[in-house]
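FYI, it's all coordinate maths here, none of it is from the lab. Remember, predicted model here, so these are calculated numbers, not experimental data. When we count neighbours, we look across all protein chains shown, and the Cβ atoms used for this are built from the backbone with ideal geometry, even at glycine.
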Amino acid sequence: MNAGDRPILLDTHAWLWLCFGTHGVFSPPVRKRLAAADAAKPLHVSIISTWEVAMLAAKGRVNLALPTRAWMAQALSHPAVRQLAFDDPAVVVESNELPGNFHADPADRLLVATARIGGYVLATRDRKILDYAKAGYVNVLRV
């Protein structure tokens, strides 16, 4: 299965851009995948991304225009979005045993581990994750 056939896992910034309607920032391949997303081919959002968004809102680094819980409920209610639970111990182990050299950010490590274990392609613009993908350790779609 090539990256184009794999389910999409949105990095936190990509999910925020999607929710805020800033579709122009996405690359053409990502726009195509976003347009094709539906209940049968959903966009996946990790619980780690919900945690990151809540943390950013609490620190005043992102304005959600709604109370965080209400924003989260609305953002996750779209039929083309599926939240991934954090219930696989293999992901936690993998996040601490990633091959090669990857930076220490726990959220990024958990997103990469989720993509690796779950067979997702991680939609991101994060340079460190993109570099890690070039080494062959995770499938990515550059946002």
How high is the relative contact order of the chain, given as a whole-number percent (alpha carbon pairs under 8 Å, six or more residues apart)? 32
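In the stretch 1-103, which GluC sites (Glu not before Pro) fall in coil by DSSP and have 16 or fewer other Cβ atoms within 10 Å?
Here the GluC sites (Glu not before Pro) that fit, given the DSSP loop and packing criteria, are Glu97.
If you filter the stretch 6-63 for trypsin sites (Lys or Arg not before Pro), then keep DSSP loop positions with at most 11 other Cβ within 10 Å, what is left?
Counting only loop positions with at most 11 other Cβ atoms within 10 Å, the trypsin sites (Lys or Arg not before Pro) in the stretch 6-63 are Lys59, Arg61.
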Amide proton proximity set for Val140, modelled H, under 5 Å, gap of 5+: Leu122
Potential lengthening between Phe86 and Asn101 on full extension [0.36 nm per residue; Cα-Cα distance subtracted]: 3.0 nm
I need the phi-derived Karplus couplings for the stretch 50-58: 6.51 cos²θ - 1.76 cosθ + 1.60, θ = phi - 60°, integer Hz, Gly and Pro marked x. 5, 4, 4, 5, 4, 5, 4, 5, 4
Around Arg82, which amide H atoms from residues at least 5 apart in sequence, or from another chain, sit under 5 Å from its own amide H, with H modelled in the peptide plane? Leu43, His44, Val45
